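Trainee: Structure below; questions to follow.
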Amino acid sequence: MQLTVLGCSGSAPGPDLPTSGYLVEAGGVRIVLELGSGVFGPLTRLCDPFDLDAVLLSHLHLDHCADFSSLTVYRREHPEPPYDVTERRLPVFAPAHAPTRLANAHAASRADLARTDLTETFDFVPLASGRYAVGPVEVEVAAMRHICEAYGFRISYGGVSLVFSGDTVPCPELVRLAAGADLLLADSAWREQAGRANYLHMSGREAGEVATSAGVGRLVLTHVLPWSDRDGVLRDATEAFPGPVTLATPGATYTI
């Protein structure tokens, strides 16, 4: 299994730093995990978007799904698609309100919204805690604790597993999902701070503590806010987790 970081900034892009987006390749399957702002361009450097096998969206805040509109334009407007996209709709695993939410984000006007039916192009699969399959790849889903409906994913193939926390605070659900995983890609928005809002994100230290409790092999910190202290987030996580810890950066690749 291979994980490539397309973007990793939290909440808003930074200079040369798109928001959340990752490409997972395993068993001949290509899965794009999140499509935040600025992610679609880097994705096209790695594969033809027509060759994707699935899209996973943990939740529908725009820093995780804004470039879904770019994917929509590409699939619907490309003059020479390799197949009929209405007959071979791309599976999109996302919260149940995704068809409406993403149509609203894509349409330029109320009149345009009336003509926008994304279900002609995409096969939306509403998420719930449980297991799903993308070809030979298993995707286990668990509800996380965020300010909206949000999920974490455990992607497994060939005896190895990658866990993505999505956006969440530390919770038993994430520890269970990540138990024994080879790599945990964890929301690590900031350093510890007093008076922060509840049900938003983990700090670097909290991500490290979750990784330790879950017994993961490796921790990759992502979703660091562009105004946060990245080096401090890394130090805090390293103090809390004894295994290898790195900060996600665009273009970074991890073989699992």
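Trainee: Residue by residue through the stretch 3-15, what is 3J(HN,Hα) from phi via Karplus (6.51 cos²θ - 1.76 cosθ + 1.60, θ = phi - 60°)? Round to whole Hz and write x for glycine and proline.
Mentor: Karplus-based 3J(HN,Hα) across the stretch 3-15 equals 10, 10, 7, 8, x, 8, 6, x, 6, 8, x, x, x Hz.
Trainee: Same structure, new question: Projecting each Cα onto the charge dipole of the chain (Lys/Arg +1, Asp/Glu -1 at the beta carbon, about the Cα centre), which of Thr4, Ser203, Leu247 comes out farthest on the positive side?
Mentor: Ser203
Trainee: Residue farthest toward the positive end of the dipole of the stretch 1-108, with Cβ of Lys/Arg at +1 and Asp/Glu at -1: which of Thr100, Cys65, Thr44?
Mentor: About the Cα centre, the residue reaching furthest to the positive side is Thr100.
Trainee: Right, something else. Pull up all non-local amide H partners of Leu247: gap of 5 or more, or a different chain, and H-to-H distance under 5 Å with H placed in the peptide plane.
Mentor: Leu221
Trainee: With θ set to phi - 60° and the Karplus curve 6.51 cos²θ - 1.76 cosθ + 1.60, what are the ³J(HN,Hα) couplings of the stretch 159-164 in order, to the nearest whole Hz, using x for Gly and Pro?
Mentor: Residue by residue, the stretch 159-164 yields x, 10, 8, 10, 10, 10 Hz.
Trainee: Tell me, in nm to one decimal, what length is gained between Ala179 and Thr253 on full extension, where the rule is 0.36 nm per residue of separation less the Cα-Cα distance? Before the final figure, lay out the partial values.
Mentor: Details: separation 74, 0.36 × 74 = 26.64 nm, distance 2.23 nm.
Full-extension gain reported as 24.4 nm.
Trainee: Restricting to Cα pairs below 8 Å that are 6+ residues apart, what does the relative contact order work out to for the stretch 1-104? Please round to a whole percent.
Mentor: On the way: 183 pairs, mean separation 23.1, N = 104.
The normalised contact order for the stretch 1-104 reaches 22 percent.
Trainee: Here's another thing I want to ask about it. For the stretch 178-256, with only Lys/Arg (+1) and Asp/Glu (-1) charged at the beta-carbon, what is the dipole magnitude about the Cα centre, in debye rounded to 20? Please list the in-between numbers first.
Mentor: On the way: 6 positive and 9 negative charges, 18 e Å.
Roughly 80 debye, rounded to the nearest 20.
Trainee: Placing +1 at every Lys and Arg Cβ and -1 at every Asp and Glu Cβ, with all other atoms neutral, what dipole size does the stretch 2-255 have around its Cα centre, in debye to the nearest 20? Intermediate values should be presented prior to the final figure.
Mentor: Values: 19 positive and 30 negative charges, 60 e Å.
My answer is approximately 280 debye.
Trainee: Using all Cα-Cα distances in the chain, what percent lands in each 10 angstrom bin from 0 up to the longest?
Mentor: For the chain, the pair-distance distribution reads 8, 33, 37, 17, 5, 0.
Trainee: I would also like to ask the following. Under a crude label model (7 Å from the Cα following the beta-carbon direction), how far is Asp229 from Tyr83 in nanometres?
Mentor: According to this spin-label approximation, the distance is 5.1 nm.
Trainee: Hey, can you grab everything whose amide H is under 5 Å from the amide H of Phe124? Only 5+ residues off in sequence or another chain; H modelled, so Pro and N-termini drop out.
Mentor: It is Val92, by chain and number.
Trainee: Using the Cα centre of the stretch 43-96 as the reference point, and only Cβ charges (+1 on K/R, -1 on D/E), how large is the resulting charge dipole? Debye, rounded to the nearest 20. Mind dumping the intermediate values first?
Mentor: On the way: 5 positive and 9 negative charges, 23 e Å.
The calculated dipole for the stretch 43-96 is roughly 120 debye.
Trainee: Any idea what angle helix 204-214 forms with the longest principal axis of the chain, computed on alpha-carbon atoms, 0 to 90 degrees, nearest 10?
Mentor: The answer is roughly 90 degrees.
Trainee: With N set to the residue count of the stretch 84-211, report its C-alpha Rg divided by 2.2 N^0.38 Å to two decimal places.
Mentor: On the way: Rg = 17.3 Å, N = 128, 2.2 N^0.38 = 13.9 Å.
With N residues counted in the stretch 84-211, Rg over 2.2 N^0.38 Å equals 1.24.
Trainee: Quick check for you: which residues of the stretch 5-44 have the amide N under 20 Å from the point 7 Å beyond the Cα of Cys148 toward its beta carbon?
Mentor: 7-14, 18-22, 32-40
Taken together, the values in this text are just the output of simple stated rules run on the coordinates, not laboratory data. The structure displayed is predicted, hence computed values, not measured ones. Ideal geometry is used to build each Cβ from the backbone, glycine not excepted, and the neighbour counts take in all protein chains shown.
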